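Engineer: Pasting a structure below so you can have a look.
The values are calculated or read from the model by the stated rules, or taken from the named source; none is laboratory data. Just so you know, these numbers come straight off a predicted model, no measurement behind them. Here the Cβ is made from the backbone with ideal geometry for all residues, glycine too, and neighbour counts use every protein chain on show.
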Amino acid sequence: MAKIHELSENLTNQIAAGEVIERPASVVKELVENSIDAGATRIRIDVVDAGLKQIVVQDNGSGIERDQVDLAFTRHATSKINNERDLFNVSTLGFRGEALASISAVAHVEILTSVEGKIGTRADFSGGSKKGQEDAAARKGTQITVKDLFFNTPARLKYLRSPRTEMMKIVDIVNRIALGYPQIAITLSNTGKVLLRTPGNGKLQQTVANVYGRHIAEKMMSFEKEDSDFKVSGFLSKPELTRSTRNYISILLNGRYIRNFKLATAIMDGYGSKLTARHYPIAIVAIHVDPLLVDVNVHPTKQEVRLSKEKELSRLITSAISDALLDNVEQTSAFENLTTNRKDSLVDQLKFNLNRDVVNTKREKDEVPEVHEEDNVTALTATKKSKEIGEQKHEPIKKSVHKYIDLNKPQENDKYVITPTWQENVEKQTQLTPFNTEKSSSEVISSGDETLANNLPALKYVGQMSAYIIAENDGDLFLVDQVAARRRLAFEKIRKAMNAKKIVQQGLLTPIVLEFGNLDFLQIKNKLDEIKNIGIYLEDFGQDSFIVRSYPTWINGDIEESLRRILDSYLNLDHSKNTNLFARIAAGQAKKEISGRIKISAAECIEILNNLRQTADPYHDADGRLVLVRMSQNELRKMFKKDE
Ligand SMILES: Nc1ncnc2c1ncn2[C@@H]1O[C@H](COP(=O)(O)OP(=O)(O)OP(=O)(O)O)[C@@H](O)[C@H]1O
Ligand SMILES: [Mg+2]
């Protein structure tokens, strides 16, 4: 065995960094949490290449005194706790005093900071040691720039996923932090493209709209309940709005986003049987509790905590949610003030997009971000000057030789865009194109069993009786459910149209703008080609929205609503299941097209009976409901005891 020796500070820092800083999103999380702890009301996060090249977090918080900067980058140095008692009464997000030390151990870090009314400081740290310090402009707040993450730990780099995935992780964590702090104006952009902007007006519902999109926010309802220890409140999706993963559940404990399986289960329990299997709600559950009841010192990333009275809290959450769902049967949306007329014109929608406190994507890439907007925060202003200071030391981003990856403009030769899994998904989908002759494995969509179809004899129309067409063949009686039969026919017509080589389009006089939450937007963006295959052409319209100028004629009813429903089913697609998505979409459309019974003539009945025989499964509609029942001559005879 080699001799035992103490590790160098550098090495211990790197080891410790391994726990805290896993990926660009961890850097973003730690820096933003520091800004929040510093009392910032505005935080701006700009990343380049999904944070792999550069992450800048800027705030208008307290700033750091010149003589404290070194300490800020020293392991186990913190301003947030003093003694053991404090450790069990933590009211800040940070307290371990190691985030900055860890980040600077595995990247190049520049800090620009100033306390109100004092000259600022600029300092550089790299690979765990300080590279220099100088005075800088006086503007209250802190800006930390992290470049070339993991430059000295290549093994870590190898474990990173594609920039697209890393960006999603950044967006995800910033979304959750934003949901925990609606009173802070947070902006996130990637290579100049704004992905989130919250107004910081303290209204959680506004933040929900910024994060998940107005359309989802409108379908959510608020809830609130408290007991002697806890207060829980937040927003919930109604049971009909679900997602196929738990990722849309955010639990915020005193503002901190935490992962907690039991509490997530408590949320689901609140929905009870209103949720079907493998469907999860969108929920933001903010818990307020005395910090004494929480032990945050159990996990390096502080995303897991130990809670006293967890059972009581679970019960409170479950009952708060089930009460809210009961009360809310027809509660009007909590988002009325965010809602514009559903039929608003393109211009109105655009106005809305611009007016809501979200996003101006038209910013030039190299333009210097302006942080202070309307109010007179003398402060934190990433003005040209501070940029100049930065430029003395660092090469500006635009001169970089590295290729930029704008995640919103996938390039064909970008190997990250087409991941093996993505290709697999596409393959899966193509195998599942409508009108496949194989038996579908779906439990809902009926099987298209040819043998049955061939067995359906020619039916002779006899008459109509309320919802049923009465028909006869060779002495057998057939009762055909009018609605189900028409749905089966509509379903097949739609599948045929979806599958056509050339999908007939109908132009829209007023294009439709569909706005989404940032993550949903990125996800749909991944599937544009697939969606094009069924005749839906979505163009990136900026601000997390798509514009649609025409629609395939197989879509019926309210076009915007139908498009949303279809895209929603893409978002809800459970890739682990071999679901025939196109068939599901067609089934949904067929159901909408044929919404109820109508008066039909004998001639139309005859046509329905004839057409049914051509369908893949004349016995069921696309949702699996019975289309017809048959009573054979024998059965009839038995019924009337005529067999003797
Ligand atoms: N944006 C900021 N504004 C003002 N002070 C800051 C900022 N970021 C860091 N600091 C100061 O630097 C110290 C060290 O920060 P660091 O993130 O390393 O540790 P921490 O936040 O105390 O604990 P943790 O490791 O749990 O995050 C903080 O305690 C704080 O005093
Ligand atoms: Mg910290």
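Engineer: Only one of (1) within 14 Å of ligand 2 (Cβ to nearest atom); (2) not assigned by TED's automatic domain parsing to the domain that holds Arg176 is not met by Ile64, so which one is it?
Structural biologist: Result: Ile64 fails condition (2) only.
Engineer: Of all residues in region 23-75, count the ones that are over 25 Å from the mean Cα position of the chain (by Cα), more than 9 Å from ligand 1 (Cβ to nearest atom) and under 22 Å from Asn13 (Cα atoms).
Structural biologist: Matching residues across region 23-75 total 2.
Engineer: Taking His76 and the conditions (1) within 14 Å of ligand 2 (Cβ to nearest atom); (2) more than 26 Å from Thr165 (Cα to Cα); (3) surrounded by 17 or more Cβ atoms within 10 Å (Cβ to Cβ), which numbered condition does it fall short on, given that it satisfies the others?
Structural biologist: (3) is the only condition that His76 fails.
Engineer: Determine the pairs where a residue that is assigned to a helix (DSSP H, G or I), located within region 600-615, has a partner that is aromatic (Phe, Trp, Tyr) and surrounded by 16 or more Cβ atoms within 10 Å (Cβ to Cβ) with Cβ atoms under 8 Å apart, the partner being 6 or more residues away or on another chain.
Structural biologist: Correct list of pairs: Ala602/Tyr461; Cys605/Tyr461; Ile606/Tyr461; Leu609/Tyr461.
Engineer: Here's a follow-up. So which of Val28, Val69, Val56 is farther than 21 Å from Gln303 by Cα and assigned to a helix (DSSP H, G or I)?
Structural biologist: After ruling out the rest, the residue left standing is Val69.
Engineer: Can Ile170 be described as buried (at least 22 other Cβ atoms within 10 Å of the Cβ), in the same structural domain as Thr78 (by TED's automatic domain parsing) and away from ligand 2 (no atom under 16 Å from the Cβ)? I'd like the intermediate steps shown before the answer.
Structural biologist: Working: buried (at least 22 other Cβ atoms within 10 Å of the Cβ): yes; in the same structural domain as Thr78 (by TED's automatic domain parsing): yes; away from ligand 2 (no atom under 16 Å from the Cβ): yes.
So Ile170 passes the test.
Engineer: In addition: Taking Ala38 and the conditions (1) buried (at least 23 other Cβ atoms within 10 Å of the Cβ); (2) farther than 18 Å from Gly128 by Cα; (3) in contact with a Ser or Thr (Cβ under 8 Å, 6 or more places away or on another chain), which numbered condition does it fall short on, given that it satisfies the others?
Structural biologist: Of everything listed in (1) buried (at least 23 other Cβ atoms within 10 Å of the Cβ); (2) farther than 18 Å from Gly128 by Cα; (3) in contact with a Ser or Thr (Cβ under 8 Å, 6 or more places away or on another chain), Ala38 misses just condition (1).
Engineer: In region 490-511, what count of residues is obtained for those that are buried (at least 22 other Cβ atoms within 10 Å of the Cβ) and not small (Gly, Ala, Ser)? Steps first, answer last, please.
Structural biologist: Narrowing region 490-511 to residues buried (at least 22 other Cβ atoms within 10 Å of the Cβ): 490-492, 494-495, 498.
Then keep just the ones that are not small (Gly, Ala, Ser); that gives 491-492, 494-495, 498.
Result for region 490-511: 5.
Let's see how each residue does on (1) without any contact (Cβ under 8 Å) to a residue 40 or more places away in the chain; (2) over 19 Å from Ile173 (Cα atoms):
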position	(1), (2)
Leu188	no, no
Val194	no, no
Arg197	no, no
Val208	no, no
Ser228	yes, yes
Gly234	no, no
Glu240	yes, yes
Thr245	yes, no
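Engineer: Does region 627-639 contain any residue that is of a type in the set (S, T, N, Q), over 30 Å from Pro457 (Cβ atoms) and modelled with pLDDT of 85 or more?
Structural biologist: First, pick out the residues of region 627-639 that are of a type in the set (S, T, N, Q): 632-634.
So of that shortlist, the ones also over 30 Å from Pro457 (Cβ atoms) come out as none.
No, the conditions are met nowhere in region 627-639.
Engineer: Quick check: anything in region 465-485 within 34 Å of the chain's Cα centre (by Cα) and closer than 29 Å to Phe582 by Cβ?
Structural biologist: Initially, region 465-485 is screened for residues within 34 Å of the chain's Cα centre (by Cα), giving none.
No, every residue in region 465-485 fails to be within 34 Å of the chain's Cα centre (by Cα) and closer than 29 Å to Phe582 by Cβ.
Engineer: Among the residues of region 583-619, write down those that are surrounded by 14 or more Cβ atoms within 10 Å (Cβ to Cβ) and over 44 Å from the mean Cα position of the chain (by Cα).
Structural biologist: Those that are surrounded by 14 or more Cβ atoms within 10 Å (Cβ to Cβ) and over 44 Å from the mean Cα position of the chain (by Cα): Ile600, Glu604, Cys605, Ile606, Glu607, Leu609.
Engineer: Which residues, taken from region 35-53, are within 14 Å of ligand 2 (Cβ to nearest atom) and either over 21 Å from Phe125 (Cα atoms) or in a loop (DSSP other than H, G, I, E, B) (or both)? Give the derivation first.
Structural biologist: As a first pass, look at region 35-53 and keep what is within 14 Å of ligand 2 (Cβ to nearest atom): 35-40, 43.
If the condition is that a residue be within 14 Å of ligand 2 (Cβ to nearest atom) and either over 21 Å from Phe125 (Cα atoms) or in a loop (DSSP other than H, G, I, E, B) (or both), then Ile36, Asp37, Ala38, Gly39, Ala40, Ile43 are the ones that fit.
Engineer: Going through Val32, Val57 one at a time, which residue ends up being away from ligand 2 (no atom under 11 Å from the Cβ) and buried (at least 20 other Cβ atoms within 10 Å of the Cβ)? Let's see the steps before the verdict.
Structural biologist: Details: Val32 fails: away from ligand 2 (no atom under 11 Å from the Cβ).
Selected residue: Val57, the only one of Val32, Val57 that is away from ligand 2 (no atom under 11 Å from the Cβ) and buried (at least 20 other Cβ atoms within 10 Å of the Cβ).
Engineer: Against the definition (within 11 Å of ligand 2 (Cβ to nearest atom), touching a residue at least 40 places away in the same chain (Cβ under 8 Å) and surrounded by fewer than 23 Cβ atoms within 10 Å (Cβ to Cβ)), how does Asp70 come out, yes or no? Before you say what the answer is, go through the steps one by one.
Structural biologist: Details: within 11 Å of ligand 2 (Cβ to nearest atom): no; touching a residue at least 40 places away in the same chain (Cβ under 8 Å): yes; surrounded by fewer than 23 Cβ atoms within 10 Å (Cβ to Cβ): yes.
When the stated conditions are applied, Asp70 does not pass them.
Engineer: Any idea which of (1) modelled with pLDDT under 90; (2) farther than 23 Å from Ile15 by Cβ is the one Leu157 doesn't satisfy?
Structural biologist: Every condition holds for Leu157 apart from (2).
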